[in-house]
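Reviewing the structure listed below.
The values are calculated or read from the model by the stated rules, or taken from the named source; none is laboratory data. This one's a predicted model, so the numbers in the text were calculated from it and none came from an experiment. A quick note on method: Cβ atoms are made from the backbone with ideal geometry, for glycine too, and the neighbour counts reach across all protein chains shown.
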Amino acid sequence: MNDTSSIKHPTPLTSGDFTEADEPFALFAEWFAEAAKSEPNDPNAMALATVDPDGLPDVRMVLMKGYDTDGFVFYSHIASQKGRELAANPKAALLFHWKSLRRQVRIRGPVTPVTDAEANAYFATRPKQAQIGAWASKQSQPLESRFAFEQAIALVAAKYVISEVPRPPGWSGWRIAPLRLEFWHDRPFRLHDRVEFRRAAPGEAWTKVRMYP
């Protein structure tokens, strides 16, 4: 199971009925804390949707590595497919699906790069093998053979065998500042609870709308 103990987050709610919440971040913190206890694998896994230059949607699973009232953070290679798509169109959507709880959270908003200091700090917490892999992988590029990748890993490992591995210049992170946050909870006979929080721009006040399921 992925370690989520270092992920910072707002204080969870303590009330029972999530439809009574008046802002989304504390509610997300409550749901995420429950998911961390009940999901068998990676409660911080989320589907990330971007759009390519032709307008074709693209989606993949990534791991959330931090969140607070500024947004939701993940890391990857800048030259990866997702990195190129976010550079061209810095907007994205996220989906958390916690099957054990029969809950999902949808998030949409603009995307900005994290600071170098943030990227450096997170990279330093990664296992050394993962740090080496970040140097060896040309993410989203054609791979001629598995052996070529293993050879690249071996070369990087030899270079940093007795020293710390620095963050590659082409590896960083992004923060999604939500303009929409929708909470969905399964109920019998398709009478699901569905609440969406909306705002016009980051930092502005939220409005809440209860939606038909």
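Structural remarks
- Residue within the range 78-99 that is touching a residue at least 24 places away in the same chain (Cβ under 8 Å) and on the phi > 0 side of the Ramachandran plot present: no
- Counting the residues of the range 12-62 that are aromatic (F, W, Y) and in contact with a Leu (Cβ under 6 Å, 6 or more places away or on another chain) gives 1.
- The listed residue being of a type in the set (A, V, I, L, M), modelled with pLDDT under 90 and either surrounded by fewer than 17 Cβ atoms within 10 Å (Cβ to Cβ) or over 18 Å from the mean Cα position of the chain (by Cα) (or both), out of A130, A200, A158, A148: A148
- Verdict on A177 being within 29 Å of A119 (Cα to Cα), over 24 Å from the mean Cα position of the chain (by Cα) and surrounded by 12 or more Cβ atoms within 10 Å (Cβ to Cβ): no
- All of A26, A36 fail the test of being small (G, A, S), within 24 Å of L179 (Cβ to Cβ) and either in a strand (DSSP E or B) or at pLDDT 75 or above (or both), apart from A26.
- When K91, K128, K138 are checked against the criterion of being under 30 Å from E30 (Cβ atoms) and charged (D, E, K, R), K91 stands alone in meeting it.
- Every residue from the range 53-68 that is part of a loop (DSSP other than H, G, I, E, B), surrounded by 14 or more Cβ atoms within 10 Å (Cβ to Cβ), touching a helix residue (DSSP H, G or I) at 6+ places or on another chain (Cβ under 8 Å) and not basic (K, R): none
- In the range 20-52, the residues that are among the hydrophobic types (A, V, I, L, M, F, W, C), farther than 17 Å from S80 by Cβ and touching a helix residue (DSSP H, G or I) at 6+ places or on another chain (Cβ under 9 Å): A21, L27, W31
- Pairs with Cβ under 8 Å, 6+ apart, first in the range 44-56 and closer than 20 Å to G71 by Cα, second part of a loop (DSSP other than H, G, I, E, B) and modelled with pLDDT under 95: N44/N2; N44/T4; N44/I7; A45/N2
- Tallying residues that are touching a Phe, Trp or Tyr at 6+ places or on another chain (Cβ under 9 Å) and assigned to a helix (DSSP H, G or I) within the range 83-118 yields 2.
- Where strands (runs of 3 or more DSSP E) fall wholly inside the range 119-213, the ranges with 1 or more residues that are of a type in the set (G, A, S) are 171-176.
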